[in-house]
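To start, the structure under review is shown below, and the notes come after it.
The values are calculated or read from the model by the stated rules, or taken from the named source; none is laboratory data. None of the values given here were measured: they were computed from a predicted structure. Quick reminder, even Gly has a Cβ in these numbers, built from the backbone with ideal geometry, and neighbours come from all protein chains shown. What goes into the accessible areas is simple: the full protein's heavy atoms, side chains included, and nothing from ligands, DNA or RNA. Shrake-Rupley method; radii C 1.70, N 1.55, O 1.52, S 1.80 Å.
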Amino acid sequence: MPGSGGNGERRISGPRLIALVGPFQSGKTTLLESILVRSGGISREGRVTEGTSVGDASAEARAHVMSVEANVASVDYLGDRYTFVDCPGSVEFLHDMKAALPVCDAAVVVCEADERKIPALQVILRELEDLRIPRFLFLNKIDQATMRVRETLQMLQPASRTPLLLRQIPIWQQGIATGFIDLALERAFVYREHAPSAVIDVPAGDVPREKDARYSMLEKLADYDDDLMEELLADIEPPRDRVFDDLAKELRGGYVVPLLIGSADRGNGVTRLLKALRHEAPGVAMTRERLGVAETGPALAQVFRTIHTAHGGKLSVSRVLRGTFADGATVISSTGAEERIAGLSRLMGATATKHTQAVEGDTLAFGRMDGVATGDAIAEGKAAPKPVVKISVAQPVHVFALGVKDRKDEVRLNAALAKLVDEDPSLVFIQDQETGELKVMGQGEMHLRVSLERLAARFGVHVEAHKPHIGYRETIRDTVAVRGRHKKQTGGHGQFGDVAITVAPRARGEGFAFDENVHGGAVPRQYFSSVEAGAIDALSRGPLGFPVVDVAVTLNDGSYHTVDSSDMAFRSATKIAMA
């Protein structure tokens, strides 16, 4: 149908997985709520600030009024199934985004006209660019905009290495955006509160703006289409369907990033976003090709999130890249673990609906696969599949020391920590042998606090956190020559050892070194290792009470007794010399 924005060749059917990403507090979860209402997934729109949204359903997310984990919700829209994964925007929780993105078909990057958020936006766009994921920009909060959209485009462009393509321009009345003009459809829409926009004629005063903006859009598309370029040079108006074909092709090829406008809080611009996803976003076949996964072979899925529920056990949220999985089927992971699928569930935030099978392109939770972890590929058959993606985990930047509030929780602590790390691989727990403390390390203070709140709420283990003790080190600045003699007579054989050693500083990080420069057999060779052991003993605790590091010890001279000398005597003599 002309002007519908799609035809059989362009539109892709089948289940799709779409990521909602963007800087902290850009409105991703609110946009998800609007999408779910508009598509009929839920009947009433909740609010993040009131703790009633489908996303951010965990107690921790609602307590902090922010996304602290990826939330998954599936809906049907105009006959197609879409699963949206709402990823946290805070840099402390980006690990969930990094696990989910590789298997997504496309991403909607939610942003706003706020220069302070450009660095965070750039980080997210770089990740998408590196993964070659097609992406839309949704310029949110257009109802609060004080900057012209072209100025906003110029401000956002440095964050993206790919050209941003303006798809819509706002209709302004007294400085407020009351609607928009779709440059591809050449139609105008007026916003309605929490309802689809109404089609209107392009206001006469906006016709020149629309013509100019549309021509700029076509010029960018023509950079990748020679036929379109020839038509523009000849002042030939390209067919509307041809324009939509180019939009779909160049989005999927990663040549442009279309920019749409709207207000998630008011439900404005949501229908056009859904239509753009329906007609232009790629499907699982292109995602499979991007990941280097063969089209044929045993059923294959990728696990991108793990959830431990109170009553349903472990859930492995997975994207089916090939084939069909049935409830009860036996699968093998890329690490070689064999598991039986104990239930398939479609997620709507914290709500799970049982299903009997997961078809190609689906995103479902696979139940009770205890040996499977986030990042694993799973397949039917006996042969372990090759890993589909490698998920990198950022190095920890913050640390707490932990202690249980109740001694009886010590028994359950290790099992609870294992589940916590299973859900969040960016957490690291270590037992510091030097200080005796249990330490948790993560991406920031909020990340660690949320993790400990989760430890209490989900697993019933309450801990106290405090700053860890610092394992200081000592060293020396100057070289010194010292002598130590150990002589003891106790009846029968005595103890005798005598050493002259040099202790010298080494460069930071070079550690301990031992050498000998003994002449004439002053100290028999058999005692050299005892002198070295004595030096190591002495360095384990320096004058301030901490280990001494980056030191070189050289044995230069000494004396011995043919009867009373022993390994222990020379070890003791060295410790005396270094005391």
Expressed in Å to one decimal, the Kirkwood Rh of segment 50-195 from all distinct alpha-carbon pairs is 17.2 Å
Cα-based Rg and Dmax for segment 379-512, where Dmax is the largest Cα-Cα distance (Å)
24.7, 77
Using a cut-off of 16 Å between alpha-carbon atoms, which aspartates and glutamates can reach residue 408, once sequence neighbours fewer than 8 places away in the same chain are excluded?
464
Once phi is turned into θ = phi - 60°, what whole-Hz ³J(HN,Hα) does the Karplus curve with 6.51, -1.76 and 1.60 give for every residue of segment 535-541, x standing for Gly and Pro?
5, 4, 4, 5, 7, 5, 8
Rough spin-label spacing in nm, given labels placed 7 Å along Cα→Cβ, for residue 242 and residue 311
6.0 nm
Rg/Rh (Cα only; Kirkwood hydrodynamic radius) as it applies to segment 215-307:
1.09
What's the extension gain from residue 493 to residue 457 if we count 0.36 nm per residue and subtract their Cα-Cα distance?
6.4 nm
Quarter of the Cα convex hull surface for segment 131-240, i.e. its orientation-mean projected area (nm²)
8.6 nm²
What number comes out for accessible area per residue over segment 102-216 if the probe is 1.4 Å? Units Å², please.
44 Å²
q = 0.18, 0.25, 0.26 Å⁻¹, segment 143-193: log10 I(q)/I(0) [Debye, one scatterer per Cα]
-0.65, -1.02, -1.05
Given all pairs of distinct Cα atoms, segment 1-129 yields a Kirkwood Rh in Å of 15.5 Å
Determine Rg/Rh for segment 435-477; Rg is computed over alpha-carbon atoms and Rh is the Kirkwood hydrodynamic estimate from the same atoms.
1.16
Fully extended contour minus Cα-Cα distance, from residue 512 to residue 147, at 0.36 nm per residue:
125.2 nm
If the viscosity is 1.306 mPa s and the temperature 10 °C, what Stokes-Einstein diffusion coefficient in µm²/s follows for segment 287-398 when Rh is the Kirkwood radius over Cα pairs?
112 µm²/s
Cross-link reach list, aspartates and glutamates versus residue 487, counting only Cα pairs under 17 Å and skipping chain neighbours closer than eight places
498, 557, 564, 567
Express in whole angstrom the spacing between the alpha-carbon centres of segment 281-339 and segment 152-180.
38 Å
Accessible area in the full protein assembly, largest first, 1.4 Å probe, for 150, 346
150, 346
Hey, any idea what % of segment 432-563's accessible area is carbon plus sulfur with a 1.4 Å probe?
49 percent
Taking a probe of 1.4 Å and leaving out DNA, RNA and ligands, segment 239-340 shows per residue an accessible area in Å² of 32 Å²
Quick one: of 275/354; 354/382; 354/405; 141/419; 419/467, which pairs are farther than 32 Å apart, Cα to Cα?
354/405; 141/419
Within the accessible area of segment 321-426 (1.4 Å probe), percent carbon and sulfur:
51 percent
Out of the DSSP beta bridges found with both residues in segment 144-261, what percent are antiparallel (nearest 5)?
80 percent
So for 571, 161, what's the accessible-area order with a 1.4 Å probe, most first?
161, 571
Relative contact order, percent, of segment 221-322 when contacts are C-alpha pairs under 8 Å separated by at least 6 residues?
16 percent
So, with a 1.4 angstrom probe, what is the percent of accessible area on segment 104-248 that is carbon and sulfur?
50 percent
Which entry in (1) 166; (2) 229; (3) 180 matches volume of the Cα convex hull per residue in Å³ derived from the coordinates of this structure?
(2)
For segment 522-579, with only Lys/Arg (+1) and Asp/Glu (-1) charged at the beta-carbon, what is the dipole magnitude about the Cα centre, in debye rounded to 20?
80 debye
Expressed as a whole-number percentage, the relative contact order of the chain with C-alpha contacts under 8 angstrom and at least six residues apart is 11 percent
What are the principal axis extents of the Cα atoms in segment 279-333, in Å, biggest first?
39, 26, 18
Mind ranking 229, 441 by accessible surface for me, highest first, 1.4 Å probe?
229, 441
Reach of residue 314 by Cα under 18 Å, taken over aspartates and glutamates that are not fewer than 8 positions away in the same chain:
69, 96, 327, 338, 339, 370, 376, 422, 423, 424
For segment 164-211, averaging the sequence separation of alpha carbon pairs under 8 Å that lie six or more residues apart and dividing by its residue count, the contact order in percent is 25 percent
How many percent of the alpha carbon pairs in segment 451-579 exceed a separation of 22 Å?
47 percent
Can you say what percent of the DSSP beta bridges in the chain, counting only those with both residues inside, are antiparallel? Round to 5.
75 percent
